[in-house]
1. Among the candidates Glu91, Glu103, Glu108, which residue alone is in contact with a strand residue (DSSP E or B) (Cβ under 9 Å, 6 or more places away or on another chain), acidic (Asp, Glu) and modelled with pLDDT of 90 or more?
2. Of everything in the range 88-137, what is crowded, with 18+ Cβ neighbours inside 10 Å and in a loop (DSSP other than H, G, I, E, B)? Give them in sequence order.
3. Applying the selection to the range 74-91, what residues are hydrophobic (A, V, I, L, M, F, W, C) and either out of contact with any His (no Cβ under 8 Å at 6 or more places or on another chain) or touching a residue at least 60 places away in the same chain (Cβ under 8 Å) (or both)?
4. Which residue pairs have Cβ atoms closer than 8 Å, lie 6 or more positions apart in sequence or on different chains, and pair a first residue in the range 124-149 that is under 19 Å from Ser43 (Cα atoms) with a second residue that is surrounded by fewer than 11 Cβ atoms within 10 Å (Cβ to Cβ)?
5. For the range 18-55, how many residues are assigned to a strand (DSSP E or B) and either touching a helix residue (DSSP H, G or I) at 6+ places or on another chain (Cβ under 8 Å) or acidic (Asp, Glu) (or both)?
6. List every residue pair whose Cβ atoms lie under 8 Å apart, where the two residues are 6 or more positions apart in sequence or sit on different chains, the first residue falls within the range 14-36 and is surrounded by 21 or more Cβ atoms within 10 Å (Cβ to Cβ), and the second residue, located anywhere, is of a type in the set (Lys, Arg).
7. If a residue must be in contact with a strand residue (DSSP E or B) (Cβ under 6 Å, 6 or more places away or on another chain) and of a type in the set (S, T, N, Q), how many such residues does the range 34-75 contain?
Amino acid sequence: MYIYEEKILNVQWPIKILLTHHQAPFLKNNKFIIAADCVAFSSDNFKEKHEKNEGLVIGCPLLEDPDKMMSKIALMIKETSAKNIDVYTMEVPCCHAIHMMVEKAINESGKDNINKKNYIVRVSGEIESYKPGVIDDSMMDKERKAHGH
């Protein structure tokens, strides 16, 4: 949400991690979401999982500079007053860097009051809780199919 002429607008732009200012107002809410680019377009359930007043930033570690993404995520977490961060990625292993970036950024921030939840979105559209670093055979198969190997 942005405040414009003392009115609160339900507008959030930009949403790309690299374009979003690390002190954007929507990052100051109780919760914000960091997601892979494809998540919102791959699961109808994703839209139902978050409320309209939650901030959302998206990125792709395969198509964007992962060092710049990591730096921006670290700034966002350092500057946020949010107590809850949800991380959503696709099931393909290349997406999982986002989970690792968020974990590293939280650890480096020194904040111990952030509740982080991790999720993966299966190619079928189903959303599952996820333990970062765990990659199953289905994920590897989807990676091969997605990238033509």
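1. Glu103
2. Answer for the range 88-137, where residues must be crowded, with 18+ Cβ neighbours inside 10 Å and in a loop (DSSP other than H, G, I, E, B): Glu91, Val92, Tyr130.
3. Ala74, Ile77, Ala82, Ile85, Met90
4. Within 8 Å, the pairs are Gly125/Asp44; Glu143/His149.
5. 5
6. That search, which allows pairs on different chains as well, returns Ile17/Lys72; Thr20/Lys72.
7. Adding up the residues that qualify gives 3.
The values are calculated or read from the model by the stated rules, or taken from the named source; none is laboratory data. These numbers come from a predicted model, not from an experiment. Reconstructed Cβ throughout: ideal geometry from the backbone, glycine too, with neighbour counts over all protein chains shown.
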